[in-house]
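Encoded as structure tokens, the structure appears first; notes follow it.
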Amino acid sequence: MDTFIAVIIIFGVLVAVHEWGHLYVAKKAGILCREFAIGFGPKIFSTKRNETVYTVRLLPLGGFVRMAGEDPEEVQIKPGYEIGLVFNHEDKVSQIIVNNKSKHPEAKVVSVERIDLENRLMVEAYPDDEEGIETYQVDEKCDVIVDEKPEQIAPLDRQFRSKSPLKKAMAIFAGPFMNFILAFIVFVLVGVVNGVPQDNAEFGELNEDSPAKEAGLEQGDEITSIAGESVDNWQEMTAVIQEHPNEEINVEVIRDGNQFSAAVETYSRYDEFAEQEIGMIGVQAPTDHSVLEALQYGTMQVIEVSRVIFDTLSLIITGDFSLDFVSGPVGIYNYTGEAASLGIFFLIQFAAMISVNLGIVNLLPLPALDGGRLLFIGYEAVRGKPVDPQKEGMIHFFGFALLFLLMLVVTWNDINNFFL
């Protein structure tokens, strides 16, 4: 249950930050954002604020921001339709009632002759109780109400498709970019709170009842040699200790300018990577809690995690790629449980690594991903006009289907690895 809760929280935060990036930049570009959703499927929570409906949906497998103009409008009012019009204090149409007009006795019922809700924002219609055609001006924030569900109209200048390629690209790129920013902030906070490991030949925190503590050693002791071998940094020091499991070793120490030696009895631990027993004395690496060091640490961690991901993706080109290199929901669930068992800081850093992964994967130039959408926007910038929306939508649909199929295959592979 703890792992399940951790997965829900981690992915909820990562998806929310990603989609908030899209939402924020799209709104700054003047795009009407109809919905900000976490998850897919049926709604389990919904609230509206500043033109946008914020929803939480049943299946926590992602999220989306529904921008006006990305897809054709769902409600199309054609000549001959009978609709109800509700007016505001400026005598402009503030609500268009498509059906259930009897529930809106204040609405003026008209028969549509011509309607333009994108450019001229007007309705030309025949009122039921009058002769001749009338023209009604429509408020730019007018709601179209179908089955008692309002949806705000989107004038052309508020639609995604009307914006320049640069503004479109910024709105799409903002999602993955926020994942990198989130990871950077998390790594920096971990560096400040938990400290940034330093590669010095020096003792950090000593574990309780550790051999080092029993030998009289303390945090901050500088080490010059171990088991007769000179050491200059943490890596050299730990390498020597690991070579002497279950042995008494001599440690040369400098403390407050004074040099002395101490005999330490090591204990052993099996290292799965080295496939052998290694020596331990119960000492942590020295750490630095300064903000500057944490900023450098955050930057380097994002770069290092990105490098590992790109190295894995490059195996596709060389033909050395395997499904064992990637994980689906089952694999991620398992890894999250392992990270949680190591402590809160390991879990938080694991979440930061997943955030970097999410940002990079979303930027891959594949249909249905942000990278695929950026590819179409780039093509539009070079060509001078956008790709036909129906053709682009069809390509994204097939891309989504293929990605969904890949997720099923990866999940099946995770299940096999988990039980075998």
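The values are calculated or read from the model by the stated rules, or taken from the named source; none is laboratory data. No experiment lies behind these values; they were computed from the predicted model shown. With ideal geometry, Cβ positions are generated from the backbone for all residues, glycine too; neighbour counts draw on all protein chains shown. For the accessible areas, the whole protein counts, side chains as well, though only heavy atoms, and no ligand, DNA or RNA atoms are used. Shrake-Rupley method; radii C 1.70, N 1.55, O 1.52, S 1.80 Å.
Of note:
- Too-long pairs where the Cα-Cα distance tops 26 Å, listed order kept, from K101/K168; K27/K48; K43/K168: K101/K168; K43/K168
- Distance between modelled label sites at A239 and F400, nm, 7 Å Cα→Cβ extension: 5.3 nm
- Per residue, segment 73-130 exposes 59 Å² of solvent-accessible protein surface, assessed with a 1.4 angstrom probe and all protein chains in place.
- Helix 165-194 axis, angle to the chain major axis (alpha carbon atoms, nearest 10°): 30 degrees
- Efficiency of FRET between D116 and E82 - r from beta-carbon atoms, R0 25 angstrom, step 0.05: 0.90
- Relative intensity, log₁₀ I(q)/I(0), of segment 344-409 from a Debye sum that treats every alpha carbon as a point, q = 0.15, 0.20, 0.23 Å⁻¹: -0.60, -0.83, -0.96
- DSSP-defined beta bridges in segment 1-93 - what % are antiparallel, rounded to 5: 75 percent
- For E222 and I185, a Förster radius of 30 Å and the Cβ-Cβ distance give a FRET efficiency of 0.35, rounded to the nearest 0.05.
- A 1.4 Å probe run over segment 169-269, with the rest of the protein chains in place, finds 51 Å² accessible per residue.
- Seen against the Cα atoms of the chain and their longest principal axis, helix 2-28 is set at about 50 degrees.
- Using R0 = 30 Å, the C-beta based FRET efficiency linking N258 and L342 works out to 0.20.
- For segment 98-180, the equivalent ellipsoid derived from the Cα gyration tensor has semi-axes of 36, 17, 7 Å, listed largest first.
- Interchain or long-range residues, amide H under 5 Å from L61's placed H: G39, F40
- Figure legend: label point modelled 7 angstrom from the Cα of Y54 along Cα→Cβ; residues of segment 159-179 with amide N under 19 Å from it are 175, 178-179.
- Note on the chain: GNM, Cα springs under 10 Å; of N119, N362, N179, the largest mean-square fluctuation is that of N119.
- Square roots of 5 times each gyration tensor eigenvalue, C-alpha, the chain, largest first, Å: 62, 22, 19
- The mean sequence separation of alpha-carbon pairs under 8 Å and at least six residues apart, normalised by the residue count of segment 179-271, gives a relative contact order of 24 percent.
- The alpha carbons of segment 39-93 give a radius of gyration and a Dmax of 16.2, 45 Å, in that order.
- The apolar share of the surface of the chain, taken as the fraction of accessible area on carbon and sulfur atoms (1.4 Å probe, ligands and nucleic acids excluded), comes to 58 percent.
- For Q95, the residues 5 or more places off, or on other chains, whose built amide H falls under 5 Å of its own are V86, D143.
- Helix axis angle, 389-419 relative to the chain longest principal axis, alpha carbon, degrees: 30 degrees
- A viscosity of 1.002 mPa s and a temperature of 20 °C, combined with the Kirkwood radius over C-alpha pairs in the Stokes-Einstein formula, give segment 1-87 a diffusion coefficient of 144 µm²/s.
- Neighbour cut-off at most 16 other Cβ (10 Å), DSSP loop, chymotrypsin sites (Phe, Trp or Tyr not before Pro), segment 239-303: F273
- Candidate lysines for bridging to K108, where Cα separation is under 21 Å - those fewer than 8 sequence places away on the same chain excluded: K78, K92, K141, K149
- Relative contact order of the chain, pairs being alpha-carbon contacts under 8 Å that are 6 or more residues apart, as %: 13 percent
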